[in-house]
Amino acid sequence: EAVRLAGEIDKAVRRAAKAEHPVSIIAHSMGGLLARALIATQRAVWDRMCKHPEARLIMLGTPNQGSYCISRVLTGRDSLIKKLALLDMKHEPVDLLGIVSEYPGLLELLPENLLDYAEWQKLSQADSKRDEWHLPTAAALQDARRVRDRIAGSPLDPARVFYVAGHAPATPSGMDIQPDDDGKARIVFLATPEGDGRVPWKTGIPEGAKTWYAPAAHGKKPQ
């Protein structure tokens, strides 16, 4: 996808150059990681874009270091899967989770510690609801880590990259295994008020990036 985006950016830069106009990228959520993948793998196109001094990458709630909402999806705790199950007359929720657990783009949004298959094994062994979800495979997680490492290995220019952080009352910020009232183990998600409902500020905002804070939840920021 970074290759396809690079092609469109390159065409836009060539058109804009005739009028000496800048080309900037405004990227919501995982779109920011796609833009970063472009920077990491199609550097020549990014450099051509940045020949204009006003060219920018503006991220809106990008999960630069992952989002625990993705682990909520994969363990069947997120409302997204429940809504899909209501619409799908053919698959049970656990079947849908088996499908989405193979999506590379979804796994690439996991927090750093959950790119480790051993962590998923621990969660699986401890969760009393383990039969309601699917473990991502070790190979798929390794592929996701390679993508994230490639992105992380390409530094961002703080003069070019800006971030807009949103706000919601609670944002998933961690996972833990705790006993329920019957003494059975269960996955518990921790939350922080410093986030947009999907992405915490701590794991979203790139180091050194100029940041604005908007009173809007994750999905509302583009509006």
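Some observations on this one:
- Condition check for Thr75: in contact with a Gly (Cβ under 7 Å, 6 or more places away or on another chain), β-branched (Val, Ile, Thr), closer than 24 Å to Arg148 by Cα and surrounded by 19 or more Cβ atoms within 10 Å (Cβ to Cβ): no
- Residue in the stretch 111-126 that is among the acidic types (Asp, Glu), in contact (Cβ under 8 Å) with a residue 40 or more places away in the chain, surrounded by fewer than 21 Cβ atoms within 10 Å (Cβ to Cβ) and part of a helix (DSSP H, G or I) present: yes
Yes or no, residue by residue, for (1) in contact (Cβ under 8 Å) with a residue 40 or more places away in the chain; (2) open to solvent by 20 Å² or more (accessible area, probe 1.4 Å); (3) under 15 Å from Ala209 (Cα atoms); (4) in contact with a Leu (Cβ under 6 Å, 6 or more places away or on another chain):
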| site | (1), (2), (3), (4) |
| --- | --- |
| His21 | no, yes, no, no |
| Ser24 | no, yes, no, no |
| Lys51 | no, yes, no, no |
| Glu54 | no, yes, no, no |
| Met59 | yes, no, yes, no |
| Pro63 | yes, no, yes, yes |
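- Picking from residues in the stretch 187-223 that are in contact (Cβ under 8 Å) with a residue 40 or more places away in the chain and of a type in the set (Ser, Thr, Tyr), the one that is most open to solvent (accessible area, probe 1.4 Å) is Tyr213.
- Of the numbered criteria (1) in contact with a His (Cβ under 6 Å, 6 or more places away or on another chain); (2) within 26 Å of Lys220 (Cα to Cα), the one Ile58 fails is (1).
- The stretch 179-208 - residue that is among the basic types (Lys, Arg) and touching a helix residue (DSSP H, G or I) at 6+ places or on another chain (Cβ under 9 Å) and, of those, modelled with the highest pLDDT: Arg198
- Checklist (1) farther than 20 Å from Gly105 by Cα; (2) touching a residue at least 40 places away in the same chain (Cβ under 8 Å); (3) out of contact with any Ser or Thr (no Cβ under 7 Å at 6 or more places or on another chain) applied to Ala37, failing item: (1)
- The requirement of being small (Gly, Ala, Ser), in contact (Cβ under 8 Å) with a residue 60 or more places away in the chain, surrounded by 16 or more Cβ atoms within 10 Å (Cβ to Cβ) and in contact with a Lys or Arg (Cβ under 6 Å, 6 or more places away or on another chain) is fulfilled somewhere in the stretch 161-176, by at least one residue.
The values are calculated or read from the model by the stated rules, or taken from the named source; none is laboratory data. No experiment lies behind these values; they were computed from the predicted model shown. Because the Cβ atoms are built from the backbone with ideal geometry, glycine has one as well, and the counts that use them run over all protein chains shown. Just the protein is used for accessible areas: all its heavy atoms, side chains included, with ligands, DNA and RNA removed. Shrake-Rupley method; radii C 1.70, N 1.55, O 1.52, S 1.80 Å.
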